[in-house]
Structures are given as C-alpha cells and as structure tokens.
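To keep things clear, I will list the structure first and then write my remarks on it.
The values are calculated or read from the model by the stated rules, or taken from the named source; none is laboratory data. Note that this is a predicted model, so its numbers are computed, not measured. Counting neighbours? That spans all protein chains shown, and the Cβs are built from the backbone with ideal geometry, glycine included. The protein model used for the area step is the full one, side chains on, heavy atoms only, and it has no ligands, DNA or RNA in it. Shrake-Rupley method; radii C 1.70, N 1.55, O 1.52, S 1.80 Å.
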Amino acid sequence: MFLRHRTPIRNQTAENSLFARRAIIAFIGVLILVGVLIANLYNIQVNSYDTYQTKANGNRIKIIPIAPNRGLIYDRNGIILAENKPSHTLELIPEKIKDLHATIEKIGTIVSLSDDERSRFLKSVKRQRRFKSITLKSRLTHAQVAQLSVNLHDLPGVVIEARLKRYYPYGEILTHTLGYVARLSAKDEIKIELDGEKAIYAATKDIGRLGVEKYYQKLLHGLPGYQEIEVNNRGRVVRVLNEVLPEHGQDLYLNIDIRLQKKAYEELAGRRGSVVAIDPNNGAVLAMVSSPSYDPNLFVHGISTKNYKKLLSVDKPLINRATMGTYPPASTIKQLMALAALEAHIIDEHTSIRDPGWYKLPNVERKFRDHLAWGHGKVDVYKAMKKSCDTYFYDVANRLGIDKISSFMDKFGFGHYSGLDIHEEKRAIMPSRQWKKERHNQPWYPGDTISLGIGQSYWTTTPIQLANSVSIVAASGKRYTPQLLGASQSSNGFLQLPADEKPQIILQDENHWRIAQKGMWEVVNSNGGTAYRVFKGAKYQSAGKTGTAQLISIGEDEKYDAEKINARHRDNAMYVGYAPFENPQIAITVVIENAGGGGSSAAPIARKVLDLYLDSSLNKTPSLVANQVVNTSATGALHAH
Amino acid sequence: MPTNKTGTGFSKPEPLSHKIHLDFPLLAGLLALMCVSLVVIYSASGESIAMVKRQGLNMIVSLTAMVIAAQFNPTFLRRWAVLFFIIGVGLLVATLLFGHVGKGAQRWIDFGFAKFQPSESMKLTLPIMIAHYITRYALPATLKHIFFGAVIIAIPVLLISKQPDLGTSILVGSAGVFALFLAGMNWKIIGSLIVAAVPFSMMMWYFFLHDYQRRRVLTFLNPETDPHGSGYHIIQSKIAIGSGGLDGKGWLNGTQSQLEFLPERHTDFIFSVFSEEFGLKGVIILLALYLFVIGRSLFIANNAQDPFSKILAGAITLTFFVYLFVNIGMVSGLLPVVGVPLPLVSYGGTSMITLMSGFGIIMAIHTHRKVNK
C-alpha cells in the first residue's frame, strides 16, 4: 500500500517503499546488463570460438622451414670435390634496426669491416625485402664470434648465424666443371617463385650458379623440413611443437678423375687452353679442364668487386674453354676427312697423290699452301695423316664437296651441343650451304670447301666436341653423350647413371674405321709421325692427331694490346688422341691458345695425362662406381634435367 | 561460521557480526573474489609468487581499511559529509595545480612519504555528500534538489576529467547519479537526461576529451583499423576470450596470456586471462559471485534504517557494478577502453582500498543500528 504524499512531513513508509522500488529496478537493471555481458561473451566464446581459436594459434604457432643439407660431390674414386663446412656469418635484419648506419658503425668498432663489405651490404639492403636478413660479414673467426656475441644485446636486429657453407677443396682446378654455389639473388627468387618452388627454397640461402652445381641443383638441394614452434609476443621461441626433418640433397659421384684433372691443369700451367678426357666406352668425362681458372670459393661468400674485376681480364678466366671456347679444329679432324672420303669412294686405302706443296683449283689463281712448302711427295691416306699433309686433304675436301662433308661431320657432333650435363656450352660452327646463306647471306664457294679439308675456314669446334669425335673413332662408331655425373647416392640407395648411348655410326665398310685408326696410330708410333717423338717410350700404344690452327682465339670483340697482338695471333696448338690403341679406355683433346705447334705444345700434355691414367704402376684405384652395389630396385631414376 | 542471521532479527540479542560491525555473507563474497584475484594474478604474471604476495599485501591493507570503515557510525559520515566534500574538491584542485604527472595524466599528490590520489576518495566522498544533501529534504527529491545535486556532482567530475582520468570521472559521476536515482529522481528527468546525453557527449568530445581518449573511442568503434596500434589491445583481448571457449584452456595454459600477446594482463585485462583459462563456464561462476555481492549489498541498503544510509549503501553498490560492467564491457569489445579495473580482481592497491572502504561503510550501515525501532 503506497500513498503518494508530497508533504513537508516526511512519510517514512513512502520513502522506504520508494527506495525499495528503486533498488529493485536497479537490481533488475544490473541483471539485464549482466545478461548483455554474458550474451556478448557467449557470442565471442561459443559462436565465434573457431575464429578466435584459429587467431590465437596464428599468434603463437609459427612454421620455421629447415634448409636441407646440400648433397656432397665426389669424384669417381670417392675423393670429395664439394663439401659443406660450418661458417659463421653476421647478419642484419633491416626491419628491426632503427639506425642502420649507426649499427654498422657500432659493429665496426667490434670487428673490422672493409669498405667492400659495407658497400655490398648497403647495396643488398636496397634490393632485398626489409624483413629478410642480409649478410654484413661472412667467415667470422671464432674470436670474432665471441666478441660479437657479448655485444649482441646492444645490437637489436643483429644476429650471428651458423650455416653450412660450400667448400671446394680443389679450388680452381675444377671450377668450370664443378661450378659453385652463390647466395640466392633477387633474380633467383623471382625465378623460384615463377617455378612454384617457393616452399622448397623457403630456408635455402645458396643456389648452384655454374657447372654441375647448377645443372644438378635439384638433386643436390633436397627437400626442406620444418619446425612448428610456439613463440611469444616478441617472437622468441618458447618450445618446439612438431618437427619434420629435411630430406638432404643427394650425393653425386662424378665421372671426373680428380688426379687426371689436377695433372692436366698443372700441365697447362696457366696458359689459355683446355683439356678434355672421355671414356670412349660410355661417354664418361674423366677430366675437363679450362685454363686460366679462378677459385670458386670466392663466390660462395659473395665475391668482392675487386676480386671480380680481376676475373674480367683479357685472359677471360670466367669462360669454360672446354665447352664454350670455339676453335678451328685444324688438322685434328683429318682422320674424319679420310673416313668421309673412304665412305664416298673418293679414295681407298691405296689411293695416293703427288703433293707439290700447294693445291690449286682449276682456273683459279689462288694457291692453297701445304705447311711443308716443298710438299710431301707421294702421299697415301696413312702418310697424309701421319705427316698431316694438307694438300691431300685439300683435294679430298674439294672432291667431297660441302654437302657431303657437312652431313658426315654432323654425325660426329660438330655444330651440335654435346649434351654434356652442364648448361654452359656452345654449339660452335659446322658450316654448310644453308648456314652460310643464313649467317652471311652468301652462296657457298668451292674455295670455302678446300680449307675445310684441314679444319679451317668457317669450321669451329669446342674441345668437348673434338674429344667426343675422337671417342667415336676410338670406339669404331659407338656414340655416347658425354656425362659428368656417374652415380648418385640418396636415402633410396646408390644409383648408377647408365651411359647415354646414341645410335652407332654404321659405315658401309667397317674396315674404314681401321684405316682411320691406323692413320692415327702412325702419327704416334711411326717414325716421322707428328707426335712420334712425344710418345716415344710410352708403356702403352696410343693413337692421335696433332693440329696447329691458324689464329683466332676465343671471343669476338676483344681489344688487343699492341704488344700482345703478335702473341694473340700465334697458332693454337691442338692434339687429339686415345689409348690404349687396341682397347681404348680414354680419348683426349688438348687445346692451347697461341702456343704454336700441336705436336710440340699440346701433345706432351696429352702424353702426361695418358701416362697417369694408364700407368699400372700408379696403383689406380678402381672406380668407385664399379665398387658400389648398384641398387637396381631404386625407382627414382636419375634425371639429368 | 557465526552467520546465524535469519530475517532482520531486531529483537534478538546482538550477534557477533554486529559487535565487530562486519557482515559475514558479504565478507565471504568479497574474500571469494580476492581468492579468484590471487589465482588469476599468479597465472597472468607468469607464475610470479612475488606478484601474488604483493597483491596479498594490498588485500590485507584493503581489508584493514574495510574493518576500520565499518567501525564508524553512518551518522558520523553524515555529520561530516560537507567537510569531507570540500576537502576532497580542494585536493582535486591542488592535484591539478601541483599534482604529480605520470603516464601523461596528473592524478597524484606527492606528500613526500606517500602518494595520494584524491580522485579515488571522491568515489566515496561524493555519494556521501549527495546522500546527505538529498535526504535533508523529503523524498522523492524535487527538481530543484536534483538540479543542485547535479551541480554538486559536476564539480568533482569535471575536475577529474581535466586530469585527465576518464575512468575515474565516470565512476565518480555514476556514484553521484545513482544516489540521485535512488532518491527518487523523476523518470521524466531521467528520460530528458538520456536525450540530453547526445549533445553533452558531443560537447565532451570536442572540448574535454584528450586526443588519446578520442583515439580510444575510435579504436573501440573499429579496432581492426589499427591492429598494431591502439586496436591491438582489444583484438588480442577478444582473441584471448574467444579462444577460451566454453571450458577454457585451463589454469596457467592460456596461450594469449602466457605468451604475452595480451597487454595489461594482470591489471585492466585480467578478465581476458580469466576467460581464456576458465572459459564461459568460469565466467558465469565469477559473474554469479559478483551478483551475490551486489545482491547482498542492495539487500543491506534496503534494510537500512534511514534514507541517508539506504541511498549511500545503494550508490556504493551500484558504482561497484559500474566497475564490473565497464571493465568486462571494454575487454570484450562492448565499450571503449577506459582505464577501469575489474573490481577486487585486477592487480593494484589503490582502487581496492577504496572499494573495500566502501564495503566497510555498507557493513557499518548494516551493523550500527539503533537498538529499538
């Protein structure tokens, strides 16, 4: 019962009742508002639970990729050619650093920083994304690591990373063949993204840049693992929730015999040139040297500008002469000319000509001179090879004609990529009518054909092509793609790469192989042969052919020093050969630029290499490939690409 | 437990609780909340026993303040209400003139031996003043008295908002407004005040709010616009609460709090820690505990013997609820982030002493009774 009185006399009952009502209203208000809170919390905690649960996990769980260890590379005898060594690098994360220059100055007071290191770092800062770490100084010594470590708390965004870095114990001996790895560049990363391989390279710092390291990048790289880690709000790792280990890259066994490689490199002694050795029975590349060379380890940690400029010298050490040096083959293809002529029935074993010291086309004034001014007299196919008679082959070439020469030489791989398993290669030129039309927009003149007989004119080859052609002759027509990779070792087991045999060259008369081979045999073994004196006393019988190519060193727009002009126009010395004669195990090509006569300069190097390979007293270890139990069940066939 | 209270028991012999001027059910509720506080602070501080000890010390001081406050007869408060209020306003003016600057606001007066926050005491002084003023006349209060009451409220509220301290001025203001409401403020006035709130808040926005306060409001309206800046708090808090789900992640297992994604974990955002680790079920139990404290206090207010005591106890209780509502509202994204702690649970001594003194006054109202009606 409540009566509303507005009187100055206070009605206690009414006031109590008023308060009670207000208190109840207030409490109802409280209940409603608590209801609102609970409804809102219900919405957050029950209706949107999944969303927030995901966000909470996204906050704390990070996936950290783990880089796989790069596969090691061995030679055919299991000698290590490329290994991984732990190396400490000082890296900066620009995003986390307020004043980059001040930080660098501060670091400079702790460890010495060269101008080159600074400028290289600042250059990368501009190129890379800000959250990525950038190397300031690599190959820290233990002392430097210690000095930096105690100061790291003052240097936010600065980290010392311990990484496995590639190391090439044989250095410059094998550079062009083995190649090297270098830091992933912005360009590499774009390519990786385009190839859809971003996940695979998530933690990778280095990539194969050249040679085998580049060609077999995928096999060597492996697959990354990852760590699922819990982090706090500052990104510090609290614990590891889950870990999947990386699948390390495959170990590769090259066909290279590092002893041969080393020998050949040492024998070249810094001269510009190349040595290539191939096993004629399977195309295995036993040695592939390009000289001059450089230390691949320089590139692994990022080469300095100063060092890189040195590599741009006129001697062009960066170029792999074995596959990219294009030289006129000169007399080293005379056995092939002979074969072509025999097959075309232009000559036979007994055909001989008179060599007055020159050759002349009818009705043309120009004389093609023999290297022996007074001529070789009566010359048959054997003597032509043994003495390297030019006139004989001028005649042969003229009678064969460009079309026959071109199509015949085509089978021996001239003008084609050899298919060697590195990317750096040139096709060189096997001229033809069509080629001249396209290249020079000129018809083919008969005079062009004549110098083809002695491997001059437009004809150029690379040392690997030449070695391959000799290998085919040694194997009487059996052809193989030259291969650097011999076998690989992965978690699936040891897998030998089979020889890549191409269709054999079948001659109309198999005896013609024997004639060409015998001609080469006489070069080396018959008194008066151009390589007779060099190979005198060898413990094995070999066959070969010398060559002395007129001019043209590699490169097109080289600037010649006035003083060097003469030197650079000297003849290239060349030699091709194989041994043992009856059971060929190795075919070899030696090219030395501007060194003069092939017999005097190139053949001695071939002799040294063949001696080393074939001399049983050297206690040659059998090739590792033969030693291994071949895992035939391995399904992952090796892909060369 | 000597809580043999049945009914109001006027004629029964005075129970023990009345002799020591404490209300055991209310005390039990408050102690339960303090236990929750210690448990959550242990988790929110990264299992720091030191923090728990310090909070324990805060609690002992606060409980002492409560016991002392409970010993004063409400008539004492009434008698000195005007003086308290004048001193309180004077101190607020002094704070603005000589106060200690901390965190961009001027809230403290440094006496050398201790720092004092006058705005805190105003949370009690103002409702005492309003209750005193309004109950001098018959209730329900007339328009004239409501108006003068509003003026009395406006003085400290404006002084505090100048410091600036939005949270405290809201709490102080609501303490005064609740007193007027309980005094029977006309519904028409309440209605027109709500209508007037719109232009008033616009005026506040342009003339009284500081930039950082405006930013808080804007961030509240759309936290995702600034996920790493001022929106970060709300986003992380909602993630913590939401990922707790129905059952919670378990004590010490809240990833948002343990891994420090949640800011202000043991102070303003402690409710988020609690929600993450104990889930909606825990939240409902906690809210039930608060409702018990509020209900018991309102019950005491309703049973008080005189209008002054009723209005004072009611206003203190409802202000306690404002703490609760604003804090939970802000950490769950319903309200903008204003610095209001979760009452009795957030780490910190200052607000706890005020709150517990308030409950001491409520207990005093309940236990200082005239022997006969």
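Remarks
- Rounded to the nearest 20 debye, the dipole magnitude of chain B is 1220 debye, with +1 charges on Lys and Arg beta carbons, -1 on Asp and Glu beta carbons, and the Cα centre as origin.
- The Cα center of region A:427-451 and the Cα center of region B:274-343 differ in position by 100 Å.
- Per residue, the solvent-accessible area of the protein assembly as shown (1.4 Å probe, heavy atoms of protein chains only, all protein chains present) comes to 45 Å².
- Legend: residues A:L164, A:L361, B:L143, sorted from most to least accessible area (1.4 Å probe; ligands, DNA and RNA excluded), read B:L143, A:L164, A:L361.
- Charged neighbours of B:A131, selected by a Cβ distance under 14 Å, balance to +4 (K, R count +1; D, E count -1).
- Shielding by partners for peptide A:56-68, expressed as the average number of C-beta atoms from other protein chains within 10 Å of each residue's C-beta, is 3.
- For region B:18-367, the relative contact order is 28 percent, taking Cα pairs closer than 8 Å that sit 6 or more residues apart in sequence and dividing their mean separation by the residue count.
- Inter-chain Cβ neighbour average for residues B:287-293, partner chain, 10 Å: 2
- Average other protein chain Cβ within 10 Å of Cβ, residues B:321-328: 3
- Axis of helix A:334-343 versus longest Cα principal axis of chain A: the two differ by about 70°, to the nearest ten degrees.
- Largest accessible area first, the residues A:H101, A:H301, A:H248, A:H350 order themselves as A:H350, A:H101, A:H248, A:H301 under a 1.4 Å probe with ligands, DNA and RNA left out.
- Summed buried accessible surface, chains B and A, 1.4 Å probe, nearest 100 Å²: 4100
- Folded to 0 to 90 degrees: helix A:603-614 orientation relative to chain A principal axis, Cα: 70
- Simple label model, 7 Å out from Cα along Cβ direction - A:S526 to A:K539, nm: 2.8
- Cβ-based net charge around A:Q483, under 10 Å, with every Lys or Arg adding one and every Asp or Glu removing one: -3
- When region B:18-367 is described by a simple charge dipole with +1 on each Lys and Arg Cβ and -1 on each Asp and Glu Cβ, the residue from B:V36, B:G167, B:I87 located farthest towards its positive end is B:I87.
- Restraint check, A:K378/A:K539; A:K106/A:K316; B:K53/B:K310; B:K144/B:K310; A:K404/A:K426; A:K187/A:K306, Cα-Cα greater than 29 Å: A:K378/A:K539; A:K106/A:K316; B:K53/B:K310
- Helix A:115-127 vs. chain A, principal-axis angle (Cα, 0 to 90°, nearest 10): 70
- Chain B: most fluctuating residue of B:Y347, B:Y137, B:Y232 per GNM, C-alpha cutoff 10 Å: B:Y137
- Pairs of Cα atoms nearer than 8 Å and 6+ residues apart set the relative contact order; for chain A it is 14 percent.
- Dipole of the protein assembly as shown, positive end: most advanced residue of A:M520, B:V157, A:T103 [Cβ charges, Cα centre]: B:V157
- Size of charge dipole - region A:180-245 - debye, nearest 20, with Cβ of Lys, Arg +1 and Asp, Glu -1, no other charges: 240
- Report summary: the helix-based calculation at 222 nm, which adds -39500 (n - 2.57) for every DSSP H run with n ≥ 4 and divides by the residues of chain A, gives -10000 deg cm²/dmol.
- Proximal aspartates and glutamates to A:K386, defined as alpha-carbon separation beneath 15 angstrom and excluding residues fewer than eight positions away on the same chain: A:E349, A:D355, A:D370, A:E522
- Peptide ranges B:315-321, B:333-339 listed from the most packed, as the mean C-beta count within 10 angstrom indicates: B:315-321, B:333-339
- Carbon and sulfur %, accessible surface of the protein assembly as shown computed with the full protein complex present, 1.4 Å: 58
- A:D99 exposes around 80 Å² of accessible area when a 1.4 Å probe is run over every protein chain in place.
- Dipole in debye (nearest 20) - chain A, about Cα centre, beta carbon charges: Lys, Arg +1; Asp, Glu -1: 2120
- Exposed chymotrypsin sites (Phe, Trp or Tyr not before Pro) absent: longest stretch of chain A, with sites in DSSP loops and at most 10 other Cβ within 10 Å deemed exposed: A:375-641
- Taking each of A:K55/A:K218; A:K55/A:K137; A:K137/A:K191 in turn, the alpha-carbon distance tops 29 angstrom for A:K55/A:K218; A:K55/A:K137.
- GNM top mover of B:W80, B:W187, B:W251 - chain B, alpha-carbon springs below 10 Å: B:W187
- Accessible surface comparison of B:L166, A:L339, probe 1.4 Å, protein chains only, largest first: the order is B:L166, A:L339.
- Charge context of A:R439, other residues only, Cβ under 13 angstrom, K/R +1, D/E -1: +2
- Here r is the Cβ-Cβ distance between A:I79 and A:N233 and R0 is 60 Å; the resulting FRET efficiency, rounded to 0.05, is 0.70.
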